[in-house]
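Below is one structure, written out as structure tokens; the observations come after it.
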Amino acid sequence: MENTGHFFVFEGIDGSGKSTQIRLLKEKIEELGVRCMETKEPTDGPIGSLVHQCMTGRTSADEYSIAALFAADRLDHLLNESDGLCGKIQDGITVLSDRFIFSTYAYQSVNIPLEWLIQMNSQATEILRPDCHIFIDVDPEVAMERITAGRFHTERYETTEQLTKVRSRYYQLFDRFQGQESVLIVDGNQSVDDIAKDIWQYVAPFYDIAETR
Ligand code: ADP
């Protein structure tokens, strides 16, 4: 009997509303009586903490080393014996992740050849393929306004120019991975509720409510 959890990944530039929508989707899924957890990359684990240090400039490392750390953090995120996502999904828990492989490709291919990044992450992509990558597409200027108005400290990638470049890379990637990865593009310039409705319309059919109760 198949009773594994689903894996939905949220992608988008910073300030696009990923964490807002993850919180709302988690509530909707739990209302169905389905166990659901949220997570993010880079993680708060030991390898993810190193990545955070590099991103905030507290530790310096070359771009390839940082990309390798991202890949190692991802493998640990999936496979860690105590709280790895593969185990959670096998236990029937739906996982919502703020960022996954497309973030690596979109952000890091600014400095590193995409093929190298794909190769470095090939193990992770073989281990666990998301049911869907949900891309919240927002105008970079709108995202920047949200970032500067909100709680955010500015990280390395957060300028309108950078966000614009990253957004266009996401689109190049969706073209390239068409047929391989399932991608839902949602208009992130809408209200929080309208975005949530678009996402729920897509996600709800993954759950047969009669089976999950
Ligand atoms: P991300 O996780 O993608 O960086 P957040 O969900 O943290 O984005 O949202 C960034 C900021 O924008 C937060 O202050 C949030 O309240 C606000 N926000 C999120 N979605 C919307 C929206 N659809 N319209 C207006 N503001 C939003």
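I'd like the full set of residues that are of a type in the set (D, E, K, R), out of contact with any strand residue (DSSP E or B) (no Cβ under 8 Å at 6 or more places or on another chain) and surrounded by 13 or more Cβ atoms within 10 Å (Cβ to Cβ), limited to segment 159-175.
Pass one, segment 159-175, residues of a type in the set (D, E, K, R): 161, 165, 167, 169, 175.
Now narrow it down to the ones that are out of contact with any strand residue (DSSP E or B) (no Cβ under 8 Å at 6 or more places or on another chain): 161, 165, 169, 175.
Correct list: Lys165, Arg169.
Evaluation of Ile29 against the conditions (1) within 20 Å of Val186 (Cα to Cα); (2) surrounded by fewer than 21 Cβ atoms within 10 Å (Cβ to Cβ) shows that the sole unmet condition is (2). The set of residues from segment 114-135 being surrounded by 20 or more Cβ atoms within 10 Å (Cβ to Cβ), closer than 20 Å to Asp187 by Cα and more than 16 Å from the ligand (Cβ to nearest atom) is empty. Quick check: is even one residue across segment 196-204 under 16 Å from Asp137 (Cβ atoms), aromatic (Phe, Trp, Tyr) and either within 12 Å of the ligand (Cβ to nearest atom) or over 16 Å from the mean Cα position of the chain (by Cα) (or both)? Scanning segment 196-204, I find at least one residue that is under 16 Å from Asp137 (Cβ atoms), aromatic (Phe, Trp, Tyr) and either within 12 Å of the ligand (Cβ to nearest atom) or over 16 Å from the mean Cα position of the chain (by Cα) (or both), so the answer is yes. Of the residues examined, Ile93 is one that is in contact (Cβ under 8 Å) with a residue 24 or more places away in the chain and surrounded by fewer than 19 Cβ atoms within 10 Å (Cβ to Cβ). For segment 23-62, filtering for residues that are over 16 Å from the mean Cα position of the chain (by Cα) and assigned to a helix (DSSP H, G or I) leaves 12.
Report yes if Thr20 is under 23 Å from Phe135 (Cα atoms), surrounded by fewer than 17 Cβ atoms within 10 Å (Cβ to Cβ) and within 16 Å of the ligand (Cβ to nearest atom), otherwise no. Before you say what the answer is, go through the steps one by one.
Details: under 23 Å from Phe135 (Cα atoms): yes; surrounded by fewer than 17 Cβ atoms within 10 Å (Cβ to Cβ): yes; within 16 Å of the ligand (Cβ to nearest atom): yes.
Yes: the conditions hold for Thr20.
When the test is whether a residue is without any contact (Cβ under 8 Å) to a residue 12 or more places away in the chain, among the hydroxyl-bearing types (Ser, Thr, Tyr) and either surrounded by 14 or more Cβ atoms within 10 Å (Cβ to Cβ) or in a helix (DSSP H, G or I) (or both), Ser65 passes it. Does at least one position in segment 104-113 carry a residue that is away from the ligand (no atom under 16 Å from the Cβ), part of a strand (DSSP E or B) and not hydrophobic (A, V, I, L, M, F, W, C)? No, segment 104-113 contains no residue that is away from the ligand (no atom under 16 Å from the Cβ), part of a strand (DSSP E or B) and not hydrophobic (A, V, I, L, M, F, W, C).
Scanning segment 89-103 for residues that are of a type in the set (A, V, I, L, M, F, W, C) and either within 16 Å of the ligand (Cβ to nearest atom) or farther than 12 Å from Ala67 by Cα (or both) turns up Ile89, Ile93, Val95, Leu96, Phe100, Phe102. With the structure loaded, tell me whether Cys86 is under 30 Å from Leu24 (Cβ atoms), part of a helix (DSSP H, G or I) and free of Cβ contacts under 8 Å to residues at least 60 places away in the same chain or whether it fails that test. Criteria met by Cys86.
Only the coordinates and a few stated rules stand behind these numbers; no lab work does. Remember, predicted model here, so these are calculated numbers, not experimental data. Here the Cβ is made from the backbone with ideal geometry for all residues, glycine too, and neighbour counts use every protein chain on show.
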